Structure formats: structure tokens, C-alpha cells
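S.K.: Structure below; questions to follow.
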Amino acid sequence: MGAALELTNVSKQFPDKDQVSTHEVLSGISFKAKAGEFISLIGSSGCGKTTLLRIVHGLETATSGTVICDGRPVVHPDHNRAFVFQHFNLFPWRTVRENIAYGLEVRGDPRGERDYHVQSMIALVGLRGYEKFYPHEISGGMQQRVGIARALALAPDVLLMDEPFGALDAITREKLQRDIAEILEDRPKTTLFVTHNMDEAIYFSDRILVFGTKPGRIVEDVVVPLARPRQADLVRASREFAELREHLWSLLSREMQK
Amino acid sequence: MIQAMRNAAYSRMGVISFHAGLLILWEVACREFIPPYFLPPPSSIFQAFVVTLKSGELIIQLGQTASVLVTGFLLALLSGMLLGVAIGMSRTLTRLLDPYINAMNAMPTVALVPLVVIWLGLDFQAKVFLTWLVSFFSIVISTQTAVQNIPHAYIDTARAFGSRRIAMLTKVIVPAAIPFFIAGIRLGLARALVGVVVAEMFTALSGLGYMVTLYGNTFKVNYVFVPIVVLAAISVFLNAGLKWSERRLTPWNRGRT
């Protein structure tokens, strides 16, 4: 069902090029995610969304503030959380099956159990018949299916997705979105989802955190009141969708004018 | 289809007749204008080859060279890769050792032959040491470069999936670096072969390099060419073997640009 996340006053400073001064990328980020909640982080590029996601995973450390996952502070990546990258980041020397198995291998799962999980993940994301292909032999959409299967194989409580559909063309994106929505419907996880795309954010989310820039901070915490399960076409045709989209757009354009 | 096969057959025949033509040209030129102490004709080189082969000399010397090459190069490979990976993974080691490694690599190490002879004498261990010395640093450098140039995304991804030092090394750094490792091996092997021959020529006790010196000093020029041709064949053979093993070891690289 997922685990609860709690961020308190998370800030991040990066050193400037001169190595002396610093600039603030994230300032005072606080929010809670209930177990199983789907939260999108939306905002223009450079607002620190990706950095925040990396901090939540433990790939980077916050300059100040804390991240609590399932009651414990996050210090480094662990297998309770799984990460999906924008550019897939598959290992080119591993086949589809071996890429999906990566996290399980590192965790030290026994071989039989691992094979079983990997096989069921391959079926889940629709990659049967491609087990032995190398990443460069399959399309971008399929590569991201592998990326998602690699994350889900760990059966994580928290799923962190950094613009997972960002590098895909419109049609592939649409298809993959529906498949992923369906998969998450069956096995809800606490999910943080970074995106530029308002439609995507509304379709998936329970809540949308709208980010402003310089420094990156939360401008508004928007609740998405649409019932689940959602159907993409129906959602898009609804009045609530149009209103939400309008609201998000006004928030984002106000930020952009600053 | 048949046309294509016919074309391929024609072009292969063209290539073969080109090489045969060159050989005939060489033979004729030697018989007509070039004095044999300057450049012997292929027929007399072949004769010398048969003589040294029958007497067993060629096989014995080849065995000597091969054993030095294999021992020295394997030692260089093992030690060079270990140090290369260590330097590649540690910034401190890079900073401390880089100047020495680069200096030793840039220096023509064969210039150290007299010193090696003083240290270790003229025997097997001296030649092995020299072979090691000549190839070690280029293997260190190519291994180090391979490790340091692994795309950050791989490291990042491995970390995101919980890899720490050992898993990082065995599951990410080594496989990502294999194509570069092999390029380094090829470079180091070419150098090692030079090292063996120089050592043998200088110590002049045994090996193909010794044959070169011996017959050169006695002006048996057609005999000088025997070890030279054998050495050329060895390096072509080793290179082909490496290319083959690279294809076997990195199936994901096949057909990728």
C-alpha cells in the first residue's frame, strides 16, 4: 500500500561556479504524503523538482531539513524506494531481463525468487518476447517500460518518477501513461511524480504541488477531486479537468512572469 | 544474388592476384637489380625459413620469445589493471601517482635495458621484467581512463538501486569499461612485443630477437627476415584474437556505432 513520506523544511544550496558563493535551489519545502498517495511536482524547468526527488531518494543530501520515509530519516538510497529516470538509464551491457533484475541482484534476492519476480514484471509491462534484447535493440517506449519494471520489481513502498514520459513521442507517451495508470491502480504506491505536463499531472494525481522558481518552493498544494479509477478521455472531457487546468496554468504563468 | 556472389569472387581474386603480383615483383626485382645482402628475394627467405624450421632452431627461439611475452604481459595486465582501477576510483591516488605514471609512460622505457641488465642479469627474469615495464604503464593509463570516463548516469543509476562499492565495481564499472580495457590490452600487447624483442636483441642469448641480431651481425640477411616475418605474424594473430574476444565479451556493442 506504500509508506508515508514527510518532508520538513528541506532546503538545498549548490555552490556557484566560483566555488565560493552558493545559490539556493530549494527553499523550505515541507509536505506530507499519505501512504498510497500520488503526488505530482509541477513547475517550469530549473525549479528544483528533480533535485527534490533525488533528495527524497537519498541520491543527494539536503543542505538543511529532513525527509522521513516510513518513519525513518532518509540518508541514502534503499530498496524501500525506487527511482525511474527521465532518460531511462538502462545498462547497455544488460539485456531487458538483466536490467529489470538489477535492483533485486544488488539486494541479494535468491536466484529463483528473482527470476520469478522479473518474469512477472516482464509480463506486467508488456515486454514478453523481448527478455533477451539489449536496450539499443528496442524503442524508447519499451526502454522506459524496462525502467519502470526495474523499479517496480523491488516492490517498493515509494515510487519516485522523474519525468518518466518526458523523452517519449506523443503516441508512445499516451499508451505508456494508460498502462502505468492501470498498473498503479492495482498496486498503489506512494508516488512522487515530476512533470512539466499539466494533463499528465491531473490524470495521475491525488495532489499537485505547484513549484515556483528562484528559489524553488511550493506555491500551492492543489487537490485533484476526480474519482478513481479514471479514464483518460473522460477525465479530459470533464469540467473539473478544464477548471483545474486553468487554475494550474494561471499559477504557472504567474510564476513565469516573475 | 548470383551476380553479387560473382562480384565477390572476382574482387577476392583481384586481391589475391594483387598480393601475388607484389611478391613476384619483389622476387624479380631482387634477381635483376637489388643485391641480396640489401634485400633478399622471397624465395631465399622461404628457404631460410625451411632450414631454421627443420633444424628446430626457429621453434626453440619462438618458444623462448613466447614464454617471455606471455609471462611478462600477463603480469603487466594483472598488475596494470589492478592499479588502474584503484587509481581510477580514487581521486587521492590519481593526484599522487598521475605524474609518475605519465612520465613513465611517455619515457621510452627500452632505454632502461642496460639498467635492467645490471639489476637482473641477462636471463629470463630480466626479459620478463623488461616486457612488464614496457607495457605496464600504458595498461594502467588506459584502465584508469576507462574507469574515470564511465558515464555518470551509470554510476548514478547503480547508486539509485542501492549499489555500494563492490557491486558498483563488479556490476557497473567493469562491464562499462570492458571495451576500453580491451583497447588498452591491444596497446599494451603491441608494446610488450617490442619490449621482448628489444630485450632479446640486447641480451643476445635466445629468442627471435636474438636471431635477428645473430644473423644481422653475420650478414645472413635472408635469415634475418625469418624472425621478422614470424614476429609480424604473431602480432597479427594476437590482434585478431583480441578483436574476436572483444566481440565475444561485449555482445551489446555489436552493431552499435
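What follows is calculated from the coordinates using simple rules that are stated; it is not laboratory data. Bear in mind that the values here come from a model prediction, so they are computed numbers and not experimental data. For neighbour counting, all protein chains shown are included, and Cβ atoms are generated from backbone atoms with ideal geometry for every residue, glycine included.
S.K.: So, R0 is 41 Å and r is the distance between the beta-carbons of A:Glu24 and A:Lys175; what FRET efficiency does that work out to, to 0.05?
M.R.: Once the sixth-power term is evaluated, E becomes 0.55.
S.K.: Name the long-range amide H neighbours of A:Leu26: under 5 Å, sequence gap of 5 or more, or other chain; modelled H, no Pro or chain starts.
M.R.: Close amide H contacts, sequence-distant or interchain: A:Lys12, A:Gly216.
S.K.: What value, in deg cm²/dmol to 500, does the helix sum -39500 (n - 2.57) over DSSP H runs of n ≥ 4 give at 222 nm once divided by the residues of chain A?
M.R.: Helices in chain A give a 222 nm mean residue ellipticity of -11500 deg cm²/dmol.
S.K.: Here's another thing I want to ask about it. Residue by residue through B:155-168, how many Cβ atoms from other chains fall within 10 Å of the Cβ on average?
M.R.: 6
S.K.: What ranking, highest mean first, results for peptides A:42-51, B:239-248 when packing means the other Cβ atoms within 10 Å averaged over each residue?
M.R.: A:42-51, B:239-248
S.K.: Using Cα pairs under 8 angstrom and six or more residues apart, how large is the relative contact order of chain B, in percent?
M.R.: It comes to 24 percent, rounded to a whole number.
S.K.: Here is a follow-up. When only C-alpha pairs under 8 Å and at least 6 residues apart count, what is the relative contact order of chain A, in percent?
M.R.: 27
S.K.: Label points 7 Å out from Cα along the Cβ direction at A:Asp115 and B:Leu187: separation in nm?
M.R.: Inter-label distance under the simple model: 4.1 nm.
S.K.: Report for chain A the percent antiparallel among DSSP-assigned beta bridges with both residues inside it, nearest 5.
M.R.: 50
S.K.: Follow-up. Assuming R0 = 41 Å, what is the FRET efficiency of B:Arg95 and A:Lys214, from their Cβ-Cβ distance, to the nearest 0.05?
M.R.: 0.65
S.K.: How would you rank A:120-130, A:149-159, B:112-122, highest first, on the average number of other Cβ atoms within 10 Å across their residues?
M.R.: Going from most to least packed, we get A:149-159, A:120-130, B:112-122.
S.K.: Just counting partner chain Cβ atoms within 10 Å, what average do the residues of peptide B:18-28 show around their Cβ?
M.R.: The per-residue average across the peptide is 0.
S.K.: Go ahead and set up a Gaussian network model of chain A, Cα springs under 10 Å, then flag whichever of A:Pro215, A:Pro164, A:Pro15 fluctuates most.
M.R.: A:Pro15
S.K.: Could you line up A:Phe31, B:Phe33, B:Phe129 from fewest to most neighbouring Cβ atoms inside 10 Å?
M.R.: B:Phe33, A:Phe31, B:Phe129
S.K.: Averaged over A:147-153, how many beta carbons belonging to a partner chain fall within 10 Å of each residue's beta carbon?
M.R.: 1
S.K.: With helices defined as uninterrupted DSSP H runs, which ones in chain B have an alpha carbon span along their own long axis of at least 30 Å and mean Kyte-Doolittle hydropathy of at least 1.6?
M.R.: Those that clear 30 Å and a mean of 1.6 are B:57-89, B:174-203.
S.K.: Looking only at the protein assembly as shown, where both bridge partners belong to it, what percent of the DSSP beta bridges are antiparallel (to the nearest 5)?
M.R.: 50
S.K.: How much length is gained if the chain between A:Val75 and A:Lys34 is pulled fully straight, taking 0.36 nm per residue apart and subtracting their Cα-Cα distance, in nm to one decimal?
M.R.: Contour length minus Cα-Cα distance gives 12.7 nm.
S.K.: Further question on the same structure: With θ taken as phi - 60° and the coefficients 6.51, -1.76 and 1.60, list the Karplus ³J(HN,Hα) couplings across the stretch A:15-32 in order, rounded to whole Hz; mark glycine and proline as x.
M.R.: Using θ = phi - 60°, the values come out as x, 6, 4, 6, 6, 9, 7, 10, 10, 8, 9, 10, 10, x, 7, 10, 6, 10 Hz.
S.K.: Any chance you could list the semi-axes, whole Å, largest first, of the equivalent ellipsoid that the Cα gyration tensor gives for the stretch B:38-253, using √(5λ)?
M.R.: Value: 39, 20, 12 Å, ordered largest first.
S.K.: Using only Cα atoms, find the angle between the long axis of helix A:239-257 and the longest principal axis of chain A, and express it within 0 to 90 degrees, rounded to the nearest 10.
M.R.: With rounding to tens, the tilt is 60 degrees.
S.K.: Quick one: helix A:140-152 against the long Cα principal axis of chain A, what's the angle to the nearest 10°, folded into 0 to 90?
M.R.: 90
S.K.: Compute the distance from the alpha-carbon center of the stretch A:158-194 to that of the stretch A:71-131, in whole Å.
M.R.: Using only Cα atoms, the two centres lie 16 Å from each other.
S.K.: Sorted by packing (mean other beta-carbon atoms within 10 Å per residue), highest first, where do A:70-77, B:39-46 land?
M.R.: Top to bottom by mean Cβ count within 10 Å: B:39-46, A:70-77.
S.K.: Now for a separate question. Relative contact order for the stretch A:105-227: what is it in percent, counting Cα pairs under 8 Å that are at least 6 residues apart?
M.R.: Contact order relative to length: 18 percent.
S.K.: Please check: in the Gaussian network model of chain B (C-alpha springs, under 10 Å), which one of B:Phe136, B:Phe180, B:Phe18 has the largest mean-square fluctuation.
M.R.: For chain B, modelled as a Gaussian network with Cα springs under 10 Å, the answer is B:Phe18.
S.K.: Follow-up question, since we're still on this one. Checking the a/c ratio against 1.5 first, then a/b against b/c, what shape does the Cα gyration tensor give for the stretch A:84-196?
M.R.: oblate
S.K.: Show me, for the stretch A:98-103, the HN-Hα J-couplings you get by feeding each phi into the Karplus relation (A = 6.51, B = -1.76, C = 1.60, θ = phi - 60°), rounded to Hz, glycine and proline as x.
M.R.: 5, 5, 5, 6, 3, x
S.K.: Can you tell me the 0 to 90 degree angle between the C-alpha axis of helix A:111-124 and the longest principal axis of chain A, rounded to 10?
M.R.: It works out to around 70 degrees.
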